[in-house]
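**Q** Following this message is one structure expressed as structure tokens.
The values are calculated or read from the model by the stated rules, or taken from the named source; none is laboratory data. Note that this is a predicted model, so its numbers are computed, not measured. Here the Cβ positions follow ideal geometry from the backbone for every residue, glycine too, while neighbour counts run over all protein chains shown.
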Amino acid sequence: MKNQFNITPEKLKGPFNLHLTICSGQTSQPPWKEDNGYFQELVLVEGKPCLVKIRQEDVDLEGKLNIIYESPEEIHEKNIEAKVQEIFGLNDDLNQLYNFLNEDPNLAPAIDFCQGLRLFKAHNPFECVISSISSANCSIIRWTRSIQDIKLKWGDAYKFSSGKHYSFPSPNVLGAVPEHEMEEIQRSEDDLPENFVFENNLQSCGVGYRAKYIIQAAKMVQNEINLDKLVKMKYEKAFDSILDIPGVGPKVADCILLYGFGKGEAFPTDVWINRIISHLYFKGENKKPSEVRAFGRENFEVYAGYVQLYLFHYARNSGLLNKLKV
DNA sequence: TTCCAGGTAGTCG
DNA sequence: CGACTACCTGGA
């Protein structure tokens, strides 16, 4: 089946900038691939593979969204629309957010730099767990490449009119993958050609020492951690339980809760947010990440996730970030 | 070529 | 608990 629908701007509360939302480097998933004016990604809807292509007519935020979808199976269009709304934060009330930001002189300047920027939620919570672990102590460009690589090597391939697309592997598949080249060689048959290249192992995806965390995390999600239950848990309880996953500390946990489970009160505190908050609210006095996280949660409450997103984007584009480099 | 960024885990007091 | 360091890789 292949069809399309539109979402008009009147349906949204406040502005929306599709390009900005996808390309602002948020830590939930790699940006969707751009092709022919559309951003596209293979997404599961009703548990069925669905290629979703989305485009915003006119970049001035007034244009409607056009969504084309394609699937080998029958899917209710309503569910595809709901998925798109969820992924791009289209149900978030940005007018309300801007009212909140305007009350704080430190936050108000961010609005102009971030018009229409929304939280880019993960379409696959397990992928979000793994990409958040991969992102720790790592550049955006590197973990993004790693996630693409993992999909290519172990995801399921689906053919569409525009070509092949790969899903993110399930926890049981990823949990059974060789950690590094050594393990792959040990597991392989011994009648391989002399020059055989061993690259079906996690470390060959550029994840470095995080490979063992990723495999253990996959096994935990398969056996003892129920992601569906996490969504329904209160923020604090969910935070504590995912800290048990190897490779997940406070920052990664907050990324998972914010982007993977829609907990808007999470305040992921990386070095940049730490510096920005220290600069804006503590006269540059170097605060500890745990203090900054607590400060963000107390002061920004349900908007904490958005404040983090807006502050980082604002700092990067206003030149503040460069000033804060040591 | 070496140096460095970037969160977490592990160790030591 | 706090302070400190090793970890892997790619880019400067």
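**Q** So, in the stretch A:287-314, how many residues would count as being within 16 Å of DNA strand C (Cβ to nearest atom), farther than 19 Å from A:Pro105 by Cβ and out of contact with any Ser or Thr (no Cβ under 6 Å at 6 or more places or on another chain)?
**A** Total satisfying the criteria: 4.
**Q** Continuing with the same structure: All but one of (1) in contact with a helix residue (DSSP H, G or I) (Cβ under 9 Å, 6 or more places away or on another chain); (2) farther than 27 Å from A:Gly37 by Cβ; (3) surrounded by 14 or more Cβ atoms within 10 Å (Cβ to Cβ) hold for A:Ser167; state the number of the condition that does not hold.
**A** (2) is the only condition that A:Ser167 fails.
**Q** Taking into account only those residues within the stretch A:226-247 that are within 16 Å of A:Phe267 (Cβ to Cβ) and of a type in the set (A, V, I, L, M), which is nearest to DNA strand B (Cβ to nearest atom)?
**A** A:Leu243
**Q** Still on this structure: Within the set of pairs 6+ apart or on separate chains, which have a first residue in the stretch A:86-100 that is under 14 Å from A:Lys11 (Cα atoms), a second that is part of a helix (DSSP H, G or I) and hydroxyl-bearing (Ser, Thr, Tyr), and C-beta atoms under 9 Å apart?
**A** Sorted first by the residue in the stretch A:86-100, then by its partner, the pairs are A:Phe88/A:Thr21; A:Gly89/A:Thr21; A:Gly89/A:Tyr306; A:Asp92/A:Tyr306; A:Leu94/A:Tyr306.
**Q** Considering (1) surrounded by fewer than 21 Cβ atoms within 10 Å (Cβ to Cβ); (2) not in a helix (DSSP H, G or I), say which one A:Ala266 fails and leave the rest.
**A** (1)
**Q** So, of the residues in the stretch A:249-263 that are crowded, with 21+ Cβ neighbours inside 10 Å and part of a loop (DSSP other than H, G, I, E, B), which turns out to be farthest from DNA strand C (Cβ to nearest atom)?
**A** For the stretch A:249-263, the residue satisfying everything is A:Phe261.
**Q** Can you name the condition, by its number, that A:Ile133 falls short on among (1) on the phi > 0 side of the Ramachandran plot; (2) within 16 Å of DNA strand B (Cβ to nearest atom)?
**A** (1)
**Q** Quick one: is A:Asn172 under 26 Å from A:Val248 (Cα atoms), more than 16 Å from DNA strand B (Cβ to nearest atom) and either modelled with pLDDT of 95 or more or surrounded by 18 or more Cβ atoms within 10 Å (Cβ to Cβ) (or both)?
**A** yes
**Q** Now for a different question. Of everything in the stretch A:288-308, what is buried (at least 19 other Cβ atoms within 10 Å of the Cβ) and within 14 Å of DNA strand B (Cβ to nearest atom)? Give them in sequence order.
**A** A:Val292, A:Arg293, A:Gln308
**Q** Please verify whether A:Ile140 is within 16 Å of DNA strand C (Cβ to nearest atom), touching a residue at least 60 places away in the same chain (Cβ under 8 Å), closer than 20 Å to A:Gly305 by Cβ and surrounded by fewer than 17 Cβ atoms within 10 Å (Cβ to Cβ), treating the condition exactly as stated.
**A** Yes.
**Q** Let me ask something else. So A:Lys83 fits all but one of (1) farther than 30 Å from A:Ser278 by Cα; (2) touching an Asp or Glu at 6+ places or on another chain (Cβ under 8 Å); (3) of a type in the set (Lys, Arg); what number is the exception?
**A** For A:Lys83, the exception is condition (2).
**Q** Given the criterion polar (S, T, N, Q), within 15 Å of DNA strand C (Cβ to nearest atom) and surrounded by 14 or more Cβ atoms within 10 Å (Cβ to Cβ), identify the matching residue among A:Asn317, A:Asn274.
**A** A:Asn274
**Q** When only residues in the stretch A:181-213 that are surrounded by 14 or more Cβ atoms within 10 Å (Cβ to Cβ) and among the hydrophobic types (A, V, I, L, M, F, W, C) count, which is farthest from DNA strand C (Cβ to nearest atom)?
**A** A:Ile185
**Q** Return the residues of the stretch A:226-248 that are assigned to a helix (DSSP H, G or I) and either more than 15 Å from DNA strand C (Cβ to nearest atom) or among the aliphatic types (A, V, I, L, M) (or both); say none if nothing qualifies.
**A** First, pick out the residues of the stretch A:226-248 that are assigned to a helix (DSSP H, G or I): A:227-232, A:235-242.
The answer is A:Leu227, A:Asp228, A:Lys229, A:Leu230, A:Val231, A:Lys232, A:Tyr235, A:Lys237, A:Ala238, A:Ser241, A:Ile242.
**Q** Considering only residues that are surrounded by 20 or more Cβ atoms within 10 Å (Cβ to Cβ) and touching a Pro at 6+ places or on another chain (Cβ under 7 Å), look in the stretch A:214-245 and name the one that is farthest from A:Val302 (Cα to Cα).
**A** A:Ala218
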